[in-house]
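Shown next, in structure tokens, is the structure this report addresses.
Bear in mind that the values in this text are calculations on the coordinates, not laboratory data. Fair warning: this is a prediction, and the values are worked out from it, not measured in the lab. Don't worry about glycine lacking a Cβ; one is built from the backbone with ideal geometry, like all the others, and counts go over all protein chains shown.
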Amino acid sequence: MTLLHEPDYGTPAVEGEATVDLEIDGHAIAVPPGTSVMRAAAEAGLAVPKLCATDSLDAFGSCRLCLVEIEGRRGTPASCTTPCEPGMRVNTQTPRLEKLRRGVMELYISDHPLDCLTCPANGDCELQDMAGVVGLRDVRYGYAGENHLDAPTDSSNPYFSFDESKCIACSRCVRACDEVQGTLALTIQGRGFASKVAASAGESFMASECVSCGACVQECPTSTLQEKSVIELGMPTRTVLTTCAYCGVGCTFKAELRGDELVRMVPYKDGGANEGHSCVKGRFAFGYASHPDRVLSPMVRESIDDPWREVSWDEAIDYTASRFKEIQAKYGPQSIGGITSSRCTNEEVYVVQKAVRAAFGNNNVDTCARVCHSPTGYGLKQTFGTSAGTQDFRSVAKADVIVVIGANPTEGHPVFGSRMKRRLREGAQLIVIDPRRIDLVRTPHVEAKYHLQLQPGTNVAVVNALAHVIVTEGLVDRTYVEQRCETEAFDGWAEFIALPENSPEAVEVVSGVPAQVLREAARLYASAPNAAIYYGLGVTEHSQGSTMVMGMANLAMATGNVGREGVGVNPLRGQNNVQGSCDMGSFPHELPGYRHVSDDVVRAQFESMWGATLQSEPGLRIPNMFDEAVSGSFKGLYIQGEDLAQSDPNTKHVKAALAAMELVVVQDLFLNETAAFAHVFLPGTSFLEKDGTFTNAERRINRVRPVMPSRTGMQEWEVTCALAAAMGYPMHYDSSAQIMDEIAAMTPTFSGVSFARLDELGSIQWPCNDANPTGTPIMHVDHFVRGLGHFVETPYVPTDERTNRRFPLILTTGRILSQYNVGAQTRRTANVAWHPEDVLDIHSYDAEERGIADGSWVSIASRVGETTLRARISDRVPHGVVYTTFHHPVSGANVVTTEYSDWATNCPEYKVTAVQVRPVTPVPDTAETLTHSQGRV
Ligand code: SF4
Ligand code: SF4
Ligand code: SF4
Ligand code: FES
């Protein structure tokens, strides 16, 4: 499509019935109470000139361009700040108004560089547009007076510049940073003529608190804040709507191109998940798609000691198929398997699991969700009946109490984090349960009421203590429980939870959280009209991950906090398509739609559709594949978009397993760490080349549209189909739309989904079927998917990973905003400016005890491995706990993580590793280690 300009109604929409009748320029108009005159006019197609107003920000009323006349009122009020009233008669176009507006514009233009023709914003500048709209022809004051034309440009940010000479001090950037992003990094300094935009205390953007979300750039009506890519490449000319491929928020973007070149990504106002906002990754960090490290041709080698040999697609596929067949002939049908990726589209994932089941003839398929949110699937299915979050993101605007457990939304899910912060600034109360003092605990205009700074590994004890207070203090919502839940299971659970071992006083001893804080937090949660739980990998990546998910579900059911807006139990999914990859049947025990492989009726449906015999026994999970590879019975693996050697725990064991296999096939963008063990490398496609769908954390299915043709000449699903066909199972689709049609035909929750329907509705939250033809934003409204909610007893069992004198500290891991997972993409962008290396956060007490200085190198050793990082002394971690990220392969954080895992799903216990930290001398050779970082996960 040509460049898509979204309408701007000047001020935000107001919800409610259109009960206010008025007349604007002779047109009868009805709007909800509170609507501005500007918005009412714009909705009726009567545009009032404006500069400081935009519909994503509250009205400010500073530019005086939007003046109108209202019959019976004196003066010329600003239409953006004037609410509509019944019977109002408004004139927006009169000779008097035109003269006033021209006068305003004259003043702006007299202090603005006259370089429109060479300005990067030429053609996309509201100042230029408004000068035309008001009919400005000349500037009577001339340009010689005092002005800002020599003001400096701040180019410190890698992605955008700030050319102060073009600033009209409209304050849209400041308000965007406050209202949309919630970082409050900008201010207007000075008064009157001297007023100017300043980042933090007059620092450069890069040195300020700015998190580079780009909201200010988007709102700037001039070229003052401008993407550097626009300055370099020119104004884009066409738009493709697509979805971010980083985190589980699933932001919709306008990819804006000039010819075939991607110039910028602009968040789409109609994007269901992001509503026009973005973070630094989605908006700016797309350059990895054209990074020279991309491998674009298939490669094979007989042995991992041989050099790679570039081959044609046909040769790569024939070689792979014949090697897999040889292995199966020699070692049996169960000796090979496949791994799907949560980075890939639903369609790509669906064909991989189908190829494994139908062409490999086994159920040895698993997904990287195994190592992140598999306990979510298990726990929510047991209690509510479906393996997904209960709410849409918008719902947080109705929450009165928000509980964040083991998640760091401002870093890990930034656009949702901004949404949450807005609700907190409006007055919602916050409870944070996390060993670390994450940003949300105290950030501008947001302060958690309670921070439960528990010992890593004691989540279940803490959730049980909260439930204990609710049960023993009579805070249970009896009506809800009786009407919506299995009362017998509730009674058993209530009896269990009331045991003294679950009391706050007992839990204080193990968790370190004071009993009084546990009691007060429980009362706050239980007494809120609407209380919502949001959680992340700090819940799931534990030996009791599934137990904790069920513990939170119990808490929500007991207090009646499931089934309407503002409540619920919500996983903040890590990767862009974790939800989708699970939905698509990537688990060894489940077919698409979470139906067990042992279900004869379901299996028969798939056998009939696929024309293949399917196995009724579950296949191998990822850790079982590794174990069997080491023991010699598992010999071949097809890995799509997943760097097991970096992202899975106990790297030593993973590498031993990969080295023991006879055929490892890696399908990816870059030669990653796992590719060091591969015999075949099949180049993958970036999200800019993909055609399909991603499903985000709120079950929202978003279209991913190709912004450019596949740089490898093949779509990934075409490669998988060709491999299946070469193995003797013909698998063909004309398009990814056809794959979605098959998914819809085979998966009841997707039955109403098609590409045509997605184009029509923008996005769809599953279930989408005859009962819910436009999707389901909130689940479990009248009844739980399983019928009655099911309480599960959740005894706390301490992890086997214990500290002792040799390993006295607990290591826990997480993410930061600018990098993503193992960093394969973000490390190949200018985002490295913010996070060039992983560091180890250590409390000053622990550092001092060991003689560790801030910035010095330390070794970190666990029972399974040892690595080296730079230390940062930080009071965000408590005494006894150290923390690091895992974005750089060189830091090898997973070298030290153990093989302990969730009892139900085998999700690794990344969040608890007993370690010792010591200073190291001499300092490691960074040049050497950084060479190693060219690999990826
Ligand atoms: S980029 Fe985002 S965080 Fe930085 S100043 Fe602009 S709005 Fe604020
Ligand atoms: S930088 Fe742009 S948005 Fe900010 S005050 Fe100046 S002109 Fe307005
Ligand atoms: S919040 Fe997540 S989905 Fe949205 S732009 Fe950032 S990384 Fe992409
Ligand atoms: S747009 Fe109304 S005062 Fe600026």
In debye, nearest 20, what is the charge dipole magnitude of the stretch 257-355 about its Cα centre with +1 on Lys and Arg Cβ and -1 on Asp and Glu Cβ, if you could check? 400 debye
Which entries of Lys325/Lys652; Lys381/Lys421; Lys325/Lys354; Lys655/Lys690; Lys652/Lys911; Lys254/Lys398 have Cα-Cα distances beyond 20 Å here? Lys325/Lys652; Lys381/Lys421; Lys655/Lys690; Lys254/Lys398
When you count, for each residue, the other Cβ atoms within 10 Å and take the mean per peptide, how do 277-288, 808-819 rank with the highest first? 277-288, 808-819
FRET efficiency, 1/(1 + (r/R0)^6) with R0 25 Å, evaluated for Asp599 and Ser633 via beta carbons: 0.40
Are there DSSP H segments in the chain that both extend 30 Å or more along their axis (alpha-carbon positions) and score a mean Kyte-Doolittle hydropathy of at least 1.0? List them, or say none. none
Once a ≥ b ≥ c are taken as the square roots of the eigenvalues of the Cα gyration tensor of the stretch 113-271, is the result rounded (a/c under 1.5), prolate (a/b larger than b/c) or oblate (a/b not larger than b/c)? oblate
The answer for the per residue Cα convex hull volume of the stretch 573-628, in Å³, is 95 Å³
Least to most buried among Lys269, Lys254 (fewest other Cβ within 10 Å first): Lys269, Lys254
If you put +1 on each Lys and Arg Cβ and -1 on each Asp and Glu Cβ, how big is the dipole of the stretch 284-442 around its Cα centre, in Debye rounded to 20? 960 debye
Antiparallel as a % of all DSSP beta bridges within the chain, to the nearest 5? 60 percent
Want the number for Glu837 to Val920: 0.36 nm per residue separation, take away the alpha-carbon distance, what's left? 28.2 nm
Hey, got the dipole for the chain? About the Cα centre, +1 on K and R Cβ, -1 on D and E Cβ, debye to the nearest 20? 1060 debye
For the chain, what is the calculated [θ] at 222 nm in deg cm²/dmol (nearest 500), taking -39500 (n - 2.57) for each run of four or more DSSP H residues and dividing by its residue count? -8000 deg cm²/dmol
Using the Kirkwood radius over Cα pairs of the chain, the Stokes-Einstein translational diffusion coefficient at 37 °C and 0.692 mPa s, in µm²/s and rounded to a whole number, is 112 µm²/s
Give a quick list of GluC sites (Glu not before Pro) in the stretch 256-314 that DSSP marks as loop, anything other than H, G, I, E or B, with at most 15 other Cβ atoms within 10 Å. Glu302
What residues from the stretch 413-431 fall in the zone where the backbone N is under 14 Å from a label point 7 Å along the Cα-to-C-beta line of Ser527? 429
Determine the shape class of the stretch 69-181: with a ≥ b ≥ c the square roots of the Cα gyration tensor eigenvalues, call it rounded for a/c under 1.5, and otherwise prolate if a/b is greater than b/c, oblate otherwise. oblate
Rounded if a/c under 1.5, otherwise prolate or oblate - the stretch 1-123, Cα gyration tensor axes: oblate
Give the distance, in whole Å, between the Cα centre of the stretch 525-585 and the Cα centre of the stretch 258-329. 32 Å
For the stretch 1-82, state which trypsin sites (Lys or Arg not before Pro) are in a DSSP loop and have at most 10 other beta carbons lying within 10 Å of their beta carbon. Arg74
